[in-house]
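Comments concern the structure below.
The values are calculated or read from the model by the stated rules, or taken from the named source; none is laboratory data. Source: prediction; values computed, not measured. Cβ atoms come from the backbone with ideal geometry, glycine included; neighbour counts cover every protein chain shown. Just so you know, the surface numbers come from the protein's heavy atoms only, side chains and all, with ligands and any DNA or RNA stripped out. Shrake-Rupley method; radii C 1.70, N 1.55, O 1.52, S 1.80 Å.
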Amino acid sequence: MTGGSVLAVVGGAPVRGDRPWPRWPRAAAGAAHILGEVLESGRWSIASPYDGRQTYEQRFAARFAEYVGVRRCIPTASGTAALMTALEACGIGAGDEVIVPAVSWIASASTVLGVNAVPVFVDVDPDTLCLDPAAAEAAITGATRAIVVVHLYSAVADVEALRAIANRHGVALIEDCAQAHGARFQDRHVGGFGAAGTFSMHHTKLLTSGEGGAVVTSDDALARRVEHLRADGRCRLAVPTAVGAAELVETGELMGSNRCLSEFQSALLTVQLGELDEWNAIRRRNALLLNKLLGELDLFPQATTPGTTQRVYFNYTVGMPPGPLVTAGPLAVADALTAELRFAVRPIYPPLYASQLYDPASRRRFAISEDHLARVSGPGRALPVAEAAVRRTVSLHHAALLGDEEDVRDIAAAFAKVLVHGAELAAR
Ligand SMILES: *Cc1c(COP(=O)(O)O)cnc(C)c1O
């Protein structure tokens, strides 16, 4: 650690020297080779004619289903596409209410709107920042058809309690695991606790092909609906296809749209998946040390629900104690940390209903009726736990945890320095 007594954000020497941070995304061994294979094969899409071989999509899907411990995996073009198809495959549509956590990426809200349903924003647990089961149950009405839970920043939500609530009220539970590849609860991988689980393979995520996603489920009928929904109403049948024939068959069962993952992306994912556990283990080792160092500073690393048997880290998220840093606000603290570390530290997501990304009235497609627009306009009141959490919490991307102990000590030193200067930041 270097760095003097003046905050870097006001021109002092930063804690972090010239040493570069680990880069993300990172290509797994064999990535360039397998991409070349797809290029040469001439089959770049699952919609291309059958060439006598299994598609890369099928290979990835089989491996990922096995990894998650479910019967089926259907890759999709994005995590957003995965959520939209999972919602529709669960029968969610026009006018239905879907419970979503107030603190999440915009996709939690936009996908519900996207199937003409109404997102109902529900408060989060103060320690895990994930959907609060009691608040979710209290928000259930006669129009509720699903609960979409997010394992936020990889902290595992209380899926056991949420599953019991969903069952009790006869609504579907969908697990959004976009930020939690590899996390386990009660020794089972997340994604298998509800009717369906969804993943994103966006470039920031723990498993990535630049863009991409997947729906996982152990319900074969639901999987078949997801297949139709993401391939323009077509489905791969168990009957072997003749070489040169289309592998996707028009069944007439269910209309869809094109949300397919390309063969390049699927091929890349097969090799990236091979490194996921190892890279998660590096992040976990570094996070454990960081938990200890930040705990000594009376900061609060984000908790996970008891029963989590394998923690992973998409973002490393830290709550600040009451005092000058909370007065200074998360943006000022994040900017000060960013200047010390030369690595982006950010506030967490604002409550979705207050996010500038949430504005249904800005799109004609949601103007179905005055009544619909009013229903999708948000809770009409602040959700207190979410709002308080947002005021005291900052977060860093997992790339910062892919290095070594020196990186971790730099992160802790930056927090320590900013804490010392808390009053100064609060007065700015
Ligand atoms: C990234 C993300 C999504 C959407 O995934 P895309 O691949 O970006 O479409 C959905 N939910 C959460 C919680 C995410 O973090």
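Of all trypsin sites (Lys or Arg not before Pro) in the stretch 15-55, which ones are in loop regions per DSSP and have a Cβ with at most 13 other Cβ atoms within 10 Å? Don't skip to the answer; put the middle values down first.
Numbers: sites: R16, R23, R26, R43, R53; in loops: R16, R23, R26, R43, R53.
Taking the stretch 15-55 and a limit of 13 other Cβ atoms within 10 Å, the loop trypsin sites (Lys or Arg not before Pro) found are R23, R26, R53.
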With axes computed from alpha carbons, what is the tilt in degrees of helix 56-68 against the longest principal axis of the chain, rounded to the nearest 10 within 0 to 90?
-> 60 degrees
Residue span D232 to A361: 0.36 nm per residue of separation minus Cα-Cα distance leaves a gain in nm of 43.6 nm
Folded to 0 to 90 degrees: helix 330-341 orientation relative to the chain principal axis, Cα = 80 degrees
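List the trypsin sites (Lys or Arg not before Pro) in the stretch 336-424 that DSSP assigns to loop (not H, G, I, E or B) and whose Cβ has at most 11 other Cβ atoms within 10 Å. Which are they? Don't skip to the end; give the middle numbers.
Values: sites: R342, R363, R364, R365, R375, R381, R391, R392, R409, K417; in loops: R342, R363, R381.
Answer by residue number: R363, R381.
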Cut-off 12 Å, label 7 Å out along Cα→Cβ of D51, residues of the stretch 245-273 by amide N | 263-264
Could you state how much accessible area C90 has, in square angstrom rounded to the nearest 10, with a 1.4 Å probe and all protein chains kept in place?
-> 40 Å²
When only Cα pairs under 8 Å and 6 or more residues apart are kept, what is the percent relative contact order across the chain?
-> 22 percent
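Report the relative contact order of the stretch 281-428, percent, no decimals, based on alpha-carbon pairs under 8 angstrom and at least 6 residues apart. Write out the running numbers ahead of the final one.
Numbers: 180 pairs, mean separation 57.9, N = 148.
Relative contact order here is 39 percent.
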For the chain, just say rounded, prolate or oblate: build the C-alpha gyration tensor, square-root its eigenvalues into a ≥ b ≥ c, call rounded for a/c under 1.5, and beyond that prolate if a/b exceeds b/c, oblate if not.
-> oblate
Please work out how much length the chain gains when fully extended from E387 to E250, using 0.36 nm per residue of separation minus the C-alpha to C-alpha distance, in nm with one decimal.
-> 44.5 nm
Relative contact order (percent) for the stretch 31-273, with alpha-carbon contacts under 8 angstrom and 6 or more residues of separation?
-> 27 percent
Per residue value of the accessible surface for the chain (all protein chains in place, 1.4 Å probe), Å² | 40 Å²
Taking the Cα atoms only, what angle lies between the long axis of helix 263-295 and the longest principal axis of the chain, rounded to 10 degrees?
-> 30 degrees
State the extension gain, in nm to one decimal, for the chain segment bounded by L373 and V10, taking 0.36 nm per residue of separation less the distance between their alpha-carbons.
-> 126.2 nm
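Nearest 500 deg cm²/dmol is fine: what mean residue ellipticity at 222 nm does the chain get from its DSSP H runs of n ≥ 4 alone, each adding -39,500 (n - 2.57), divided by its residue count?
Values: 14 runs with 158 residues, N = 428.
About -11500 deg cm²/dmol.
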Kindly write out, for the stretch 394-410 in residue order, the coupling ³J(HN,Hα) from the Karplus curve 6.51 cos²θ - 1.76 cosθ + 1.60 (θ = phi - 60°), rounded to whole Hz, with x marking Gly and Pro.
-> 10, 8, 10, 5, 5, 4, 5, 9, 8, x, 10, 4, 4, 4, 4, 5, 5
Magnitude of the Cβ-charge dipole (Lys and Arg +1, Asp and Glu -1) of the chain about the Cα centre, nearest 20 debye, reported as 240 debye
